[in-house]
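As structure tokens, the structure follows; a few thoughts come after it.
Derivation of every value follows stated rules applied to the coordinates shown; laboratory data play no part. Note that the structure is a prediction, hence the values are computed from the model and not measured. Glycine also receives a Cβ, built like all others from the backbone with ideal geometry; neighbour counts cover every protein chain displayed.
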């Protein structure tokens with residue numbers, strides 16, 4: 001059986017209870033996508049999350065977003081209309097750079113970049129936006145890996161920018177028949193049942209089809225599996241998924257090391 005990376009969006013918690021969930025999730029994953037000020041997070045949360053990652057020997061990545069804390073970075077923005085290319089490149093640079101600086105204080109390295117929320121989803125279809133993210137990342141450090149949706153514009157942009165790319169599959173999100181994430185505005189977009197999350201993780205691991213929002217079947221080729229720490233029961237999911245993947249014979253390991 002294959003090896004697989006297990007990642008989670010972290011550093012977003014703004015309550016003690018949510019922080020406890022993030023800490024529990026960190027104990028199960030191999031890569032942590034750390035919010036760095038765009039949609040959530042600040043110097044304190046970044047330092048706390050990096051410390052947790054270091055204690056658990058977890059690979060760390062930057063999780064930049066549109067500068068939109070009000071909507072948790074989940075509101076789509078039109079490049080050149082809602083935000084200029086220069087402004088977006090600058091805010092992505094600032095977010096990643098600040099995480100790098102705080103990580104360096106703890107003798108840790110940022111190894112990859114995964115866009116958050118609407119920035120991630122917009123880059124699936126928009127080649128101009130995908131190139132902006134990839135080129136901004138490459139200018140900061142050409143050794144960084146980009147994480148994103150398989151067969152997306154971002155995967156193509158990474159290649160153009162000379163960056164490594166790792167394709168990601170989601171454990172707790174429903175897919176559409178064309179291979180994209182179902183909109184969170186629609187019922188059922190977030191998979192809440194623990195068994196269904198487990199089934200989707202195992203299907204993604206083995207290359208078997210996942211069930212789409214219409215009941216169809218979809219095959220995805222991925223190198224890392226993601227769960228959201230703000231999804232209900234994320235701490236339970238993380239433990240169950242880790243156990244299930246290992247029971248299937250998979251080796252759970254980070255795709256990059258700092």
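Some notes on this structure:
- Extended-chain gain in nm, criterion 0.36 nm per residue less alpha-carbon gap, residue 244 and residue 85: 53.0 nm
- Antiparallel bridges, percent of DSSP beta bridges restricted to the range 3-252 (to nearest 5): 10
- The alpha carbon centroids of the range 206-248 and the range 107-135 are separated by 22 Å.
- Under 15 Å from a label point set 7 Å out along the Cα-to-Cβ vector of residue 160, the amide N atoms of the range 111-149 belong to 123-139.
- Label corresponding to Kirkwood radius over Cα pairs in Å when calculated from the structure given, among (i) 19.3; (ii) 18.7; (iii) 18.0: (iii)
- For the chain, the relative contact order works out to 23 percent when only alpha carbon pairs closer than 8 Å and six or more residues apart are counted.
- Helical runs assigned H by DSSP (4 residues or longer) give the chain a calculated mean residue ellipticity at 222 nm of -12500 deg cm²/dmol, each run adding -39500 (n - 2.57) before division by the residue total.
- Ranked by the mean number of other Cβ atoms within 10 Å of their residues, highest first, the peptides 13-21, 129-137 fall in the order 129-137, 13-21.
- The range 1-128: antiparallel DSSP beta bridges as a percent of all, rounded to 5: 0
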